[in-house]
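> This is the structure I want to talk about, given as structure tokens.
Derivation of every value follows stated rules applied to the coordinates shown; laboratory data play no part. Remember, it's a predicted structure, so these values are computed and weren't measured experimentally. Cβ: placed from backbone, ideal geometry, glycine included. Neighbour counts: every protein chain shown.
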Amino acid sequence: MQMDEARGFVMQALREGGWNQMLGLMSVVGLVKARSQGINPNLRPSYSGGKEYLARGDETILSEVIWSLIIQGVLVPGLDDANSTLPFIRLTEYGKRCVEEERLLPHDPDGYLREFQKFVPGADVTILEYLTESLQCYIHGLHRASAVMLGAASEQAILLLIDSCLDSIADVQTRERFKSDVDRAQSMFRKYEIFEKRFSTVKSGMPKDLTNNIDSLLRGVFDLIRNSRNDAGHPASGAEVNRDAIYSHLKLFVPYCQRIYGLIGWFSTNRT
């Protein structure tokens, strides 16, 4: 069992329940693993439960994953007042919210990236590099660093969108003026405003599936991620960058980037 596979199995086992100790959780993981291999554990009942389906070395990897989730605040040692220490474990309130999500869990970086690439095939390598670092920072509790890396991924996506908009402009003078305005802009915020002004003149000719809720999905998420990045990168702001905010932004980044790439695709095949 590889580490990325183990994280996915553990997250599924957390959703399924039926455990209150570390070894019990590993047993449920074994059942999850068996089903992933096309085995029906109900047809092969065993006194050892799901542990029968774990290979040598799997428990060591699973232990590392479980301890990382304890460090991240998803799990906590103890069950109740009478059983307040290990080997008992339970989900924290934050952990309960996490496992209620159906997919794209930032706590499973490899699974998140697989899902991201499913929704955004052909994503720019720079976006993927910064997104990967953001996820790694997140699972290690480095929330400011995670915000900065996610902000960089968002910035790269917006720059690619602006470039595609530029390339679609048919009139040479209009294209050169747009390019000059973007190049002179000192900040990412200003570059986006220039794009937004141009976008407002062409979006009426776009398919509805690209323009529905475009203001909240594009500008809204852009501002959320940018503001969080700015707060994280400027200590003088005094603003807190908390775990729940970064979790939310990582979840939003997928539909946000998916829409950006939809717009890029449209600009690449249409003249404006």
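> Which one is right for this structure if Kirkwood radius over Cα pairs in Å is calculated from it: (1) 19.6; (2) 27.0; (3) 21.0?
Recomputing Kirkwood radius over Cα pairs in Å here picks out (3).
> Continuing with the same structure: Per DSSP H run of at least 4 residues, take -39500 (n - 2.57); add these up for the chain, divide by its residues and hand me the 222 nm value, nearest 500 deg cm²/dmol.
Here the helix-only value at 222 nm equals -21000 deg cm²/dmol.
> Which aspartates and glutamates have a Cα lying under 18 Å from the Cα of residue 203, excluding residues fewer than 8 positions away in the same chain?
Partners within reach: 163, 167, 171, 193, 215.
> So, one more: Counting only trypsin sites (Lys or Arg not before Pro) that are in a DSSP loop and have at most 13 other C-beta atoms within 10 Å, tell me the longest site-free stretch of the chain.
The answer is 104-270.
> Taking a cut-off of 19 Å between Cα atoms, list the lysines near residue 51, but don't count ones fewer than 8 places away on the same chain.
Straight-distance partners of residue 51: 33.
> Right, next: List, in the order given, every pair from 118/191; 118/208; 208/251 whose Cα-Cα distance in the structure shown is over 25 Å.
Correct reply: 118/191.
> A further question follows. Just report the Cα centroid separation between the range 198-253 and the range 22-57, whole Å.
42
> Which GluC sites (Glu not before Pro) in the range 65-103 sit in a loop by DSSP (not H, G, I, E or B) and have at most 16 other Cβ atoms within 10 Å of their own Cβ?
Qualifying residues, ordered by number: 101, 102.
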